[in-house]
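Structure record follows, encoded as structure tokens.
Values in this text are rule-based calculations from the coordinates and carry no lab data. Just so it is clear, the structure is predicted and the values come from calculations on it, not from any experiment. For neighbour counting, all protein chains shown are included, and Cβ atoms are generated from backbone atoms with ideal geometry for every residue, glycine included.
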Amino acid sequence: MDKPKYKRVVLKLSGEALAGAEGFGINPSVIKSIASQIKEVAELGVEIAVVVGGGNIWRGKIGSEMGMDRANADYMGMLATVMNSLALQDSLEQLGIETRVQTSIDMRQVAEPYIRRRAIRHLEKQRVVIFAAGTGNPYFSTDTTAALRAAEIEAEVILMAKNNVDGVYNADPKLDKDAKKYEQLSYLDVLKEGLGVMDSTASSLCMDNDIPLIVFSFTESGNVKRAVMGEQIGTLVRGKE
């Protein structure tokens, strides 16, 4: 069997991905499907870290628009990511995959604090590590968390798994039948054209640290493994040109 192209990866999941068609909360069948795909990759010997958003439970931006203090609204969003991370951990451990959740906000009763060296050691022991609570700071997205953690643990690629699109397009493919899908892009292209793959802070961080990004759909079973094996799926966003 061919060897995986990547040895250490960060998988970025949006909170909405866990909600499935309901759009809110955690869909048991969806999270089991995600856990199965992660297990498939972990059993190849790939070291895999996961960053999960919290938009299926709470979005800090919405709270801010309601008149809440932005920092409080963002902290609520961080707590939502912890809930999602614990649910994913439970699904993975039911499948026999040893998993650790590390949080940027100290809550030792439910998870470990984020410690870079400890996270790397877990990965080396073939444990899946889930990074929760964002960066621990308001005003930063979980996209930025994925970019930051990927740089810190020296991941070779970020896998951005989507539930509603299979790559990066120049327009919304649901609204524009002539929308063009890109096979490859640079981060400069993403920033110049405002393609919304990830926020500008995250894109700049990935570009500066030469971390490639693969944007693909996880709704087709086996796509996470295909991405890790180096198959051409979705859109590859390159680091430095």
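In a reduced charge model with +1 at each Lys and Arg Cβ and -1 at each Asp and Glu Cβ, the chain shows a dipole moment near 480 debye about its Cα centre. Label sites at residue 121 and residue 65, each approximated as a point 7 angstrom past Cα along Cα to Cβ, lie 4.4 nm apart. You can think of it this way: the chain between residue 108 and residue 94 has 2.8 nm of extra reach, that is 0.36 nm per residue less the Cα-Cα gap. Once the other residues with Cβ under 14 Å from the Cβ of residue 173 are scored (Lys, Arg +1; Asp, Glu -1), what is the net sum? Charge balance in the 14 Å sphere: +1. Near residue 62, once Lys and Arg are set to +1 and Asp and Glu to -1 for all other residues with Cβ below 12 Å from its Cβ, the sum equals +1.
Compute the distance from the alpha-carbon center of segment 2-70 to that of segment 159-222, in whole Å. Here the answer is 16 Å between Cα centres. Short-range pairs are left out: with C-alpha atoms under 8 Å and at least six residues apart, the relative contact order of segment 124-206 is 31 percent. Taking a ≥ b ≥ c as the square roots of the Cα gyration tensor eigenvalues, with a/c under 1.5 meaning rounded and otherwise prolate when a/b beats b/c, else oblate, which class fits segment 172-241? Verdict is oblate for segment 172-241.
Looking at segment 31-190, send over the antiparallel percent of its DSSP beta bridges, to the nearest 5. Please report the intermediate quantities before stating the final value.
Numbers: 2 of 12 bridges.
Among the beta bridges of segment 31-190, antiparallel pairing accounts for roughly 15 percent.
Given a Förster distance of 45 Å, report the FRET efficiency between residue 21 and residue 170 from their Cβ-Cβ distance, rounded to the nearest 0.05. FRET efficiency, residue 21 to residue 170: 0.95.
May I ask for the net charge around residue 164, where only other residues with Cβ less than 13 Å from the Cβ of residue 164 are counted and Lys, Arg are +1 while Asp, Glu are -1? Working shown, then result.
Details: positive: 162, 174; negative: 16, 166, 172, 220.
For residues surrounding residue 164, the net value is -2.
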